[in-house]
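Notes follow once the structure below has been shown.
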Amino acid sequence: MKDPRILLVGHPNVGKSALFHHLTGQYVIVSNYPGTTVEVAQGALRTRPDQLVVDTPGIVTFPARSEDEQVTVRALLEDEHYAVIQVGDAKNLRRTLHFTLQLAELGLPLILVLNMVDEAQAYGMQLDLESLRRTLGIPVITTVATRGQGVEELLRALEKVQPTLLHLTYPPPIEEALEALIPHLPPAPVAGRGLALLFLSGDASVETWLRDHLSSADYALLEQIRQDLRARLPEPITSVLQRTREHFIRNLVGRTLAQEQRGEEPFSVRLGHLTTHPLWGIPILALVLYALYWFVGVFGAGTLVGFLEETLFGKIINPWMVSHLERWIPWPFLSQMLVGEYGLWTMGITYALALLLPIVVTFFIAFGILEDSGYLPRLAVLTNQFFSRIGLNGQAVLPMVLGLGCVTMATMTTRILNRPRERILVTFLLALAIPCSAQLGVVMGMLAGISFSATLIWAGVVVLVLLTVGWLAARLLPGERTPLMVELPPLRWPLFSNVLIKTLARLEWYIKEAVPLFLLGTFLLFLLDWFHLLPGFIHAAEPIVTHWLGLPPEAAAAFLLGFLRRDFAATNLFVMESQGLLSPIQVVVAMVTITLFVPCIASVFMIIKERGLKTALGMLVFIFPFALFVGGVLYRFLSLVGWHG
Amino acid sequence: MLIPRFRLHRGRHRHGQGRHPARPTLWHASPGQEVTIVGFEALPPDFQHYLQAYGLMPGRTVRVLAQRPVTIVQVEHTELAFEPQIARCILVSPVSEKTPSEETNPPTP
Ligand SMILES: Nc1nc2c(ncn2[C@@H]2O[C@H](COP(=O)(O)OP(=O)(O)OP(=O)(O)O)[C@@H](O)[C@H]2O)c(=O)[nH]1
Ligand SMILES: [Mg+2]
């Protein structure tokens, strides 16, 4: 049995992770959209290092609807807790209190944190905390998590938490059913009444838990009680429960919340409405995309890479390294391994630091700003039509857009989708057609160097593939489409400190993950070259690389690297192009092929973890030949129409 | 896991048609209008439960912000976006201009 922990739970996007950062000093990603956290994170309490604090994914209500919510339910129901901190949005008091009641009924040692009081006050809301505390019988604390305001008071409240005693009285049929149910329940880490209420509302995880802990005869008895209750009520049990809670909350809010008359709507609210407007939404999206393209493609991949690669590494560092190391190290094997054509330094490290680092840094900054602004969930509204054509809804846009940052992380974010079918489809499309930040930067940089039409052709082909393959896959996978239903968070000014720390966190992770693979790939190429196996490999790949794709034979080495990471392959092609080895047609064909190529090793492992080995293998078996197929067809098509850049 | 089955009213009538429909739904309300939720029709119970958790429950007053490309409503200080086929399952009654809405003037016991 684990030591009792402190659990942070609450609705999505209310500031749990921001508070976790202040309680533990440990950073987990904080962003302005629901579904940022999809896995539990654990850290020691700042003031008491032996006490663990757990950050959980947001949950809207019991029962859990998606995989990330299930993670939270498991964390809540399976272990004992020292304290459960419900983080709620102060400006959505009723919604928050509905969840408080659900938690209170479970008899948890509860503390209610009303976060974002800065925004609530800006809306003219005033809370009578004393009255809230008295009625609920639990500590109620207001915070501004982003500024650490209220954290000290929370730490003090953590010193003396007690199980919650509050419970509501439901209409007689329900109370009678509860009375009949509770004696038959097995001992549980939560209160029997709460457990019985969850069972009555048809919570699947509670049903499973009860089945595991009861004989089938006892479980059948519970089922019978629930059946009888359903027969007695003219409406779903949950509706009756929610109405009772709503009644209680209406009275409570009436007593504790004073609302001054609102004035003009703030500008951010009006701007928010424009971003989803059927007319204005599109130019705003175009503006955002153009800004992203300019900052990452032109400034990052162009200006910064130009300086780092050509000047700093190309003219200063690398010539110095090569001349000195070749002189100092008498063994050609070693010196070639470090600074030769496929040298760990001259290729592996140079690619990672001079070419990709500036791209991912600019991308992570731009992306962090976008995430914190609250714009991303609004894309769900704008793209809902598009995704409904491929059997999904606009919610799929979030993992897809996050995939532009990193496909591996985005694969995990598919947990926010409601059905297995949607998760498989989005995982598949991510693996097939979404380039990650580093690769996207290289692709944009290269295509921008040719012409705008090159960029359009590349983007057009990728979107076409996304649509056709998505459409076909949706037809093949049985199941209905779920209609869109999302919460749109308020637009906020991104916090400089959060964007910075997020960029650094992602950068650290990128370096840890990518650089070893770069070195490994370079080393493999070096060995193949040293033992004169590379020409043989290049020759063997010629029918595909040269005859089918129309690329120079040396491009085979790039595709070999593509098995480790697609961005590595793209970088290799980038270098080939800057040496004048690729024509415009070849660049476009190579970029399309490598965009559709197998996803990087890390994301293959993530796909296996989230979707299972069989599904992962199935995807790879399709993706690899398909990427080559599309590349070859595009080569023939572009040659036929005589496109020259 | 609970998976809602959707057998909802699809397509057929265009938005805005019939200003006084027999059973007004959220889908009939025009942007800017405040309406009170009355109930649900043909919506799977678990999905009802989910909407209610966000505050879309009988007795609450919400403000319609947009109807295209999807329905967007404001509940407390949250904006929720959902497809018309859901909006068509939420029965509402209009709040007349003079009745102060619950949002702005919470009842005092
Ligand atoms: N104005 C204001 N913004 C806040 C406050 N607390 C958090 N935020 C912002 O709210 C957004 C969500 O914060 P997170 O900490 O990621 O929320 P979360 O509850 O962990 O969200 P999920 O992991 O998606 O469930 C971020 O943009 C924060 O900057 C606050 O007290 N005031
Ligand atoms: Mg979080």
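The values are calculated or read from the model by the stated rules, or taken from the named source; none is laboratory data. What you see is a predicted model, and the numbers here were worked out from it, not measured in a lab. Cβ placement follows ideal geometry from the backbone for every residue including glycine, while neighbour counts extend to all protein chains displayed. Remember, those area values only see protein heavy atoms, side chains included, never the ligands or the DNA or RNA. Shrake-Rupley method; radii C 1.70, N 1.55, O 1.52, S 1.80 Å.
Observations on the structure shown:
- Filtered residues of region A:257-269 (kept if at the interface with chain B (Cβ under 9 Å from one of its Cβ atoms), under 20 Å from A:SER131 (Cβ atoms) and either crowded, with 17+ Cβ neighbours inside 10 Å or not aliphatic (A, V, I, L, M) (or both)): A:LEU257, A:GLN259
- Hey, A:GLN336 within 14 Å of another protein chain (Cβ to nearest Cβ) and in contact with a Gly (Cβ under 7 Å, 6 or more places away or on another chain) or not: no
- Only residues that are within 16 Å of ligand 2 (Cβ to nearest atom) and over 19 Å from A:LEU103 (Cβ atoms) were counted across region A:35-65, and they come to 7.
- From A:ILE329, A:ILE317, A:ILE282, residue being open to solvent by 60 Å² or more (accessible area, probe 1.4 Å) and among the aliphatic types (A, V, I, L, M): A:ILE282
- For A:VAL87, the test of being in contact with a strand residue (DSSP E or B) (Cβ under 6 Å, 6 or more places away or on another chain), at pLDDT 95 or above and buried (at least 24 other Cβ atoms within 10 Å of the Cβ) is passed.
- Any chance A:PHE523 is assigned to a helix (DSSP H, G or I) and crowded, with 17+ Cβ neighbours inside 10 Å: no
- Scanning region A:54-106 for residues that are of a type outside the set (Gly, Ala, Ser) and assigned to a strand (DSSP E or B) yields A:VAL54, A:ASP55, A:HIS81, A:TYR82, A:VAL84, A:ILE85, A:GLN86, A:VAL87, A:ASP89.
- Single residue of A:ASN92, A:ASN32 found to be away from ligand 2 (no atom under 16 Å from the Cβ), farther than 21 Å from A:VAL190 by Cβ and among the polar types (S, T, N, Q): A:ASN92
- Verdict on A:PRO516 being more than 16 Å from ligand 1 (Cβ to nearest atom), surrounded by fewer than 16 Cβ atoms within 10 Å (Cβ to Cβ) and within 17 Å of A:ILE349 (Cβ to Cβ): yes
- Matching residues in region B:76-86 - criterion: being facing another protein chain (nearest Cβ under 7 Å) and not hydrophobic (A, V, I, L, M, F, W, C): B:GLU76, B:HIS77, B:THR78, B:GLU79, B:GLU83, B:GLN85
Residues checked against (1) out of contact with any Phe, Trp or Tyr (no Cβ under 8 Å at 6 or more places or on another chain); (2) surrounded by 20 or more Cβ atoms within 10 Å (Cβ to Cβ); (3) not assigned by TED's automatic domain parsing to the domain that holds A:GLY15:
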site: A:LEU129; (1), (2), (3): yes, no, no
site: A:VAL140; (1), (2), (3): yes, yes, no
site: A:ALA177; (1), (2), (3): yes, yes, yes
site: A:ALA180; (1), (2), (3): yes, no, yes
site: A:LEU200; (1), (2), (3): yes, yes, yes
site: A:TRP209; (1), (2), (3): yes, yes, yes
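- Scanning region A:182-191 for residues that are surrounded by fewer than 19 Cβ atoms within 10 Å (Cβ to Cβ) and more than 32 Å from the chain's Cα centre (by Cα) returns A:ILE182, A:PRO183, A:HIS184, A:LEU185, A:PRO186, A:PRO187, A:ALA188.
- Among (1) under 35 Å from the mean Cα position of the chain (by Cα); (2) farther than 30 Å from A:SER497 by Cα; (3) buried (at least 17 other Cβ atoms within 10 Å of the Cβ) - the single one A:THR146 does not satisfy: (2)
- The condition of being on the phi > 0 side of the Ramachandran plot and either in the same structural domain as A:ARG423 (by TED's automatic domain parsing) or within 6 Å of ligand 1 (Cβ to nearest atom) (or both) holds for A:GLY35.
- Identity of the residue in region B:54-75, at the interface with chain A (Cβ under 9 Å from one of its Cβ atoms) and under 24 Å from A:GLY281 (Cβ atoms), that ends up surrounded by the most Cβ atoms within 10 Å (Cβ to Cβ): B:VAL70
- Scanning region A:31-59 for residues that are of a type in the set (Val, Ile, Thr) and surrounded by 24 or more Cβ atoms within 10 Å (Cβ to Cβ) yields A:THR37, A:VAL53, A:THR56, A:ILE59.
- Scanning region A:474-490 for residues that are aliphatic (A, V, I, L, M) and open to solvent by less than 30 Å² (accessible area, probe 1.4 Å) yields A:ALA474, A:LEU484, A:MET485, A:VAL486, A:LEU488.
- Being within 14 Å of another protein chain (Cβ to nearest Cβ), within 16 Å of ligand 1 (Cβ to nearest atom) and touching a helix residue (DSSP H, G or I) at 6+ places or on another chain (Cβ under 8 Å) is a condition met by no residue of region A:136-147.
- Number of positions in region A:90-106 that are over 27 Å from the mean Cα position of the chain (by Cα) and more than 8 Å from chain B (Cβ to nearest Cβ): 6
- Residue identified as over 30 Å from the mean Cα position of the chain (by Cα), within 30 Å of A:VAL240 (Cβ to Cβ) and within 15 Å of ligand 1 (Cβ to nearest atom) among A:LEU178, A:LEU132, A:LEU127, A:LEU168: A:LEU127
- Checking each residue in region A:355-369 for being open to solvent by 30 Å² or more (accessible area, probe 1.4 Å) and touching a helix residue (DSSP H, G or I) at 6+ places or on another chain (Cβ under 7 Å) picks out A:VAL361, A:ILE365, A:ILE369.
- Screening the candidates A:ALA83, A:ALA44, A:ALA75 for the property of being hydrophobic (A, V, I, L, M, F, W, C) and either within 11 Å of chain B (Cβ to nearest Cβ) or within 14 Å of ligand 1 (Cβ to nearest atom) (or both) yields one hit, A:ALA75.
- Test for A:MET409: is it outside any loop (DSSP other than H, G, I, E, B) and open to solvent by 10 Å² or more (accessible area, probe 1.4 Å): yes
- Taken over region A:47-70, the criterion of being more than 13 Å from chain B (Cβ to nearest Cβ), in contact with a Leu (Cβ under 8 Å, 6 or more places away or on another chain) and either among the β-branched types (Val, Ile, Thr) or within 14 Å of ligand 1 (Cβ to nearest atom) (or both) is satisfied by A:THR47, A:VAL53, A:VAL54, A:ASP55, A:THR56.
- Region A:526-559: number of residues that are farther than 21 Å from A:LEU634 by Cβ and open to solvent by 40 Å² or more (accessible area, probe 1.4 Å): 12
- Complete set of residues in region A:2-29 that are among the polar types (S, T, N, Q) and near ligand 2 (Cβ under 9 Å from one of its atoms): A:ASN13, A:SER17
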